[in-house]
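Below: the structure, in structure tokens.
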Number of protein chains: 2
Amino acid sequence: MTQPLPDAALDQLFRTARTYNAFTGEVSDETLQQLYGLLKFGPTEANTTPARIVFVKSDEAKAKLGPALSEGNYKKTMAAPCVAIVGYDMRFFDKLPVLFPHVDAKPWFEHRDDANLAWVANRNSSLQTAYLILAARALGLDCGPMTGFDNAKVDAAFFAGTSVRSSILVNLGQGDPASIFPRSPRLGFDEACQIL
Amino acid sequence: MTQPLPDAALDQLFRTARTYNAFTGEVSDETLQQLYGLLKFGPTEANTTPARIVFVKSDEAKAKLGPALSEGNYKKTMAAPCVAIVGYDMRFFDKLPVLFPHVDAKPWFEHRDDANLAWVANRNSSLQTAYLILAARALGLDCGPMTGFDNAKVDAAFFAGTSVRSSILVNLGQGDPASIFPRSPRLGFDEACQIL
């Protein structure tokens with residue numbers, strides 16, 4: 001029987017982990033490879049893995065991202081060592097002959113309408129965004145996820161000519177403890193869950 | 001600087017963790033409380049936390065779930081010690097005065113149309129489903145997530161008269177190693193990611 005992780009690990013992943021608004025340090029390309037090397041294993045529907053990620057580190061790429069950010073997200077994001085732009089590929093089904101080799105799963109998706117494909121891609125790329133957040137914390141990084149940005153501007157700046165649409169941004173680095181807000185309440189077990 | 005978790009923890013969460021099709025053991029109510037006590041801390045947009053979870057353990061509740069399952073998911077799900085039905089509350093904004101106490105965030109959402117609310121709820125409850133999966137693994141449980149079921153039937157059986165809609169099912173227990181399939185390929189870093 002698999003044992004629970006030690007309390008310190010549960011803290012690092014969930015209980016004392018927080019959303020940071022300021023970061024220090026650098027995020028090396030090697031760390032980003034390690035991050036993807038973990039998050040890629042998280043389960044998705046028919047192994048569709050629709051998430052496509054642009055890791056923004058350079059001043060040039062940040063200059064492209066800046067105009068798309070909401071006012072409250074601009075300064076902290078421009079100052080972050082790395083910003084992950086997580087998008088989803090609307091043509092994720094093109095990869096299924098590789099990703100789901102034992103069955104021809106492409107026909108399950110390819111003739112669906114855009115609204116349904118976007119729904120599936122949103123669901124699965126959001127699972128993958130959470131895998132990214134927890135994989136980052138597992139590697140000792142801190143995160144600042146956000147949705148306050150102009151999706152059309154990000155798509156035009158980073159995904160023009162592709163079938164990828166932006167979904168969520170995640171700032172990455174070593175979190176500055178001075179930058180966190182008091183933790184907001186969570187629903188109690190009985191408000192969010194039932195056991196039947 | 002926070003240290004990475006040890007390799008054994010990264011394996012348990014991501015690298016050797018697998019989707020199981022058969023389970024042994026029991027999942028106690030206390031374990032489900034611990035599970036929620038971890039997953040609830042995962043970040044969501046404006047702390048909306050729209051996921052609502054029914055943990056199905058009894059024969060009576062399984063009998064209500066059974067008719068909604070696809071043929072390929074029926075037997076394994078009926079045999080699982082516990083099935084988490086993860087849904088999302090379309091009226092998640094009603095909880096924002098509690099969940100986001102420092103700003104009146106309810107008006108940000110309450111007048112949006114159903115399609116937009118469903119999009120936001122899908123995105124955030126999917127993040128929370130991934131937190132559930134990784135929290136379960138962190139507690140030494142194994143998972144079998146799936147979407148192959150009739151959402152309308154699950155909604156009628158478990159969420160009638162509420163604003164909750166079903167999204168994803170996750171079987172939970174001690175995974176039987178004989179029940180896993182060979183791991184399907186993942187996209188390489190350069191197929192899924194860019195560093196700019």
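The values are calculated or read from the model by the stated rules, or taken from the named source; none is laboratory data. Keep in mind it's a predicted model, so treat the numbers as computed, not measured. Cβ placement follows ideal geometry from the backbone for every residue including glycine, while neighbour counts extend to all protein chains displayed. Side chains included, ligands, DNA and RNA excluded: accessible areas come from the protein's heavy atoms. Shrake-Rupley method; radii C 1.70, N 1.55, O 1.52, S 1.80 Å.
A few comments on the model shown:
- Subset of segment B:104-115 that is free of Cβ contacts under 8 Å to residues at least 24 places away in the same chain and among the acidic types (Asp, Glu) - its residue that is farthest from the other protein chains (Cβ to nearest Cβ): B:GLU110
- Pair list, Cβ under 8 Å, 6 or more apart: segment B:140-169 residue more than 10 Å from every other protein chain (Cβ to nearest Cβ), other residue buried (at least 17 other Cβ atoms within 10 Å of the Cβ) and of a type in the set (Asp, Glu): B:THR162/B:ASP89; B:SER163/B:ASP89; B:VAL164/B:ASP89; B:VAL164/B:ASP155; B:ARG165/B:ASP155; B:SER166/B:ASP155
- All of (1) assigned to a strand (DSSP E or B); (2) surrounded by 22 or more Cβ atoms within 10 Å (Cβ to Cβ) hold for A:ASN124 with one exception: (1).
- Test: residue in segment A:123-130 that is hydroxyl-bearing (Ser, Thr, Tyr) and free of Cβ contacts under 8 Å to residues at least 40 places away in the same chain: no
- Members of segment A:170-196 found to be among the aliphatic types (A, V, I, L, M), more than 8 Å from chain B (Cβ to nearest Cβ) and over 19 Å from A:PHE55 (Cβ atoms), listed by number: A:ALA178, A:ILE180
- Scoring B:LYS64 on the criteria (1) touching a Phe, Trp or Tyr at 6+ places or on another chain (Cβ under 9 Å); (2) under 24 Å from B:ARG183 (Cα atoms); (3) open to solvent by 60 Å² or more (accessible area, probe 1.4 Å) leaves a single failure, condition (2).
- Members of segment A:134-158 found to be β-branched (Val, Ile, Thr) and surrounded by fewer than 19 Cβ atoms within 10 Å (Cβ to Cβ), listed by number: A:THR147
- Condition met for B:ALA118 (in contact (Cβ under 8 Å) with a residue 40 or more places away in the chain, open to solvent by less than 50 Å² (accessible area, probe 1.4 Å) and touching a Phe, Trp or Tyr at 6+ places or on another chain (Cβ under 7 Å)): no
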